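Working notes, beginning with the structure itself.
The values are calculated or read from the model by the stated rules, or taken from the named source; none is laboratory data. Values in this document were obtained by computation on a predicted structure and should not be read as measured data. Methodologically, a virtual Cβ is constructed for each residue, glycine included, from the backbone with ideal geometry; neighbour enumeration extends over all protein chains shown.
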Amino acid sequence: MKVAVIGTGITKFGELWDKSFYDLAEEAASHAILESKIEPGQIDAVFCANMLSGNLTGQNHLGAQVTSILKIHCPAYTIEAACASGGVATNLAYLSILSGKAKNVLVIGVEKMTDFTNAEVASGLMGAASEDERQAGLTFPGLYALMANAHMQKFKTTRRDLANVAVKNHYHGSLNENAQFQNRITIEKVLESPPVATPLTLFDCSPMSDGAAAIILSAVENTNNSPQITASAVATDTVGLAKRKSITEILATKIAAQNAYKQAGITPADINVAEVHDCFTIAEIIAMEDLGFCPKGRGGKYISNGSTKLGGSKPINTSGGLKACGHPVGATGIKQIIEITKQLKGEAEKRQVKSAKIGLAHNIGGSGATAAVHILQI
């Protein structure tokens with residue numbers, strides 16, 4: 001038995017004030033079901049990924065909300081793993097199919113963030129940090145700034161290396177009609193943008209976003225040109241930075257990636273295209289190293305030399321990543337799966353990676369306490 005992605009649905013990401021949380025969920029789910037060519041009644045389970053609905057609106061019962069929208073009565077689960085909610089929901093859906101309990105599963109991630117103040121959203125997001133970090137007044141830009149400063153000090157990573165991540169991802173986002181930001185930017189624009197948490201500036205940070213993404217996973221004997229998930233792995237580390245052996249790496253990513261490569265029987269060199277969790281520019285640099293795409297300490301230079309841009313040896317974040325496509329946190333991990341699916345099927349249009357056969361999706365929660373890695377092949 002194989003687990004294939006047989007349907008996808010995604011909304012535009014951005015400031016979507018004319019659409020409600022449930023409008024977004026229905027749009028993504030309905031499109032995924034339509035593309036899959038199954039009937040809603042054939043869905044055996046729903047896994048709904050979300051982080052902030054309970055904090056911001058008081059609504060927690062989201063799995064049942066989705067089944068209500070679709071008018072089906074299958075088991076439904078709400079999954080919260082901070083910004084890795086989508087990746088973890090996909091992992092659980094994948095395992096439910098392998099267990100034999102389900103054949104067709106809807107995985108949907110949805111988030112509505114821009115209807116609320118920056119302070120309300122920031123407070124909600126800090127629920128993914130440690131109590132000590134919250135009491136110290138830290139925010140996630142501050143936590144990733146600590147990681148960036150440590151990486152720069154230890155490995156001589158530069159501000160221009162960070163800026164190159166943003167420039168590359170905005171270029172990719174300019175080719176994606178669903179991206180929140182479709183404008184190209186320069187290194188100078190990044191370097192001159194307002195400081196947020198030194199060394200990170202405004203253009204080093206992903207935005208607050210609304211959006212939804214959905215996939216249908218199915219147990220099949222023959223994938224029929226539908227990408228197959230050949231590995232799904234989740235790992236965890238300490239929630240707070242202070243208790244980690246190193247803050248220039250994310251151990252959960254390294255463990256999940258190693259397990260995923262082993263499951264799929266491949267190496268990092270076999271990956272043709274990847275979507276990685278670039279909530280801040282330093283996060284993508286560290287991900288290059290933790291995923292084994294380049295040696296430790298060389299992530300900044302690996303991106304700066306063009307290896308990860310379309311046309312390079314290993315294109316990364318062809319969707320625009322979190323930085324340019326947007327980051328509606330519950331939807332992000334599933335959006336990554338959709339982008340890899342489109343790449344492997346040759347349906348990525350202007351951002352298509354030539355002859356892509358193996359792709360990787362990397363989704364993390366908080367400052368790296370949770371990491372989910374999926375490998376897809378066609």
Exercise for review: Test LYS189 against the criterion of being farther than 30 Å from GLY127 by Cβ and more than 18 Å from the chain's Cα centre (by Cα), and give yes or no.
Suggested key: yes
Practice item. Report, by residue number, each residue of the range 149-188 that is of a type in the set (D, E, K, R) and either free of Cβ contacts under 8 Å to residues at least 12 places away in the same chain or within 28 Å of ILE247 (Cβ to Cβ) (or both). Key: LYS154, LYS156, ARG159, ARG160, ASP161, LYS168, GLU188
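Quick test for you: out of ILE79, ILE38, ILE97, pick the one residue that is touching a helix residue (DSSP H, G or I) at 6+ places or on another chain (Cβ under 9 Å) and surrounded by 17 or more Cβ atoms within 10 Å (Cβ to Cβ).
After applying the criteria, what remains is ILE79.
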**Study point:** the range 299-329, subset under 10 Å from the mean Cα position of the chain (by Cα) and of a type in the set (A, V, I, L, M), residue farthest from GLU111 (Cα to Cα)
**Key:** LEU322
Review point. Taking ALA214, is it surrounded by fewer than 20 Cβ atoms within 10 Å (Cβ to Cβ) and either more than 20 Å from the chain's Cα centre (by Cα) or part of a strand (DSSP E or B) (or both)?
Key: no
Study note, to complete from the structure: Reported set for the range 333-378 where residues are at positive phi, in contact (Cβ under 8 Å) with a residue 24 or more places away in the chain and surrounded by fewer than 24 Cβ atoms within 10 Å (Cβ to Cβ) is GLU349, SER355
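Surrounded by fewer than 23 Cβ atoms within 10 Å (Cβ to Cβ), assigned to a helix (DSSP H, G or I), of a type in the set (A, V, I, L, M, F, W, C) and at pLDDT 95 or above: which single residue out of ALA166, ALA219, ALA150 fits that description?
Working: ALA166 fails: surrounded by fewer than 23 Cβ atoms within 10 Å (Cβ to Cβ); ALA219 fails: assigned to a helix (DSSP H, G or I).
From the options ALA166, ALA219, ALA150, the qualifying one is ALA150.
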Review point. Does SER313 satisfy the criteria of being within 29 Å of ILE187 (Cα to Cα) and surrounded by fewer than 24 Cβ atoms within 10 Å (Cβ to Cβ)?
Key: yes
Revision key, fill the gap. Taking the range 253-269 and the residues there that are touching a Phe, Trp or Tyr at 6+ places or on another chain (Cβ under 9 Å) and of a type outside the set (Val, Ile, Thr), the one that is farthest from THR230 (Cα to Cα) would be ALA269
Practice item. Return a yes/no flag: does the range 63-76 have any residue that is in contact (Cβ under 8 Å) with a residue 40 or more places away in the chain, part of a loop (DSSP other than H, G, I, E, B) and buried (at least 16 other Cβ atoms within 10 Å of the Cβ). Key: no
Check your understanding: How many residues are assigned to a loop (DSSP other than H, G, I, E, B) and over 29 Å from LEU92 (Cβ atoms) if we restrict to the range 298-345?
Key -> 10
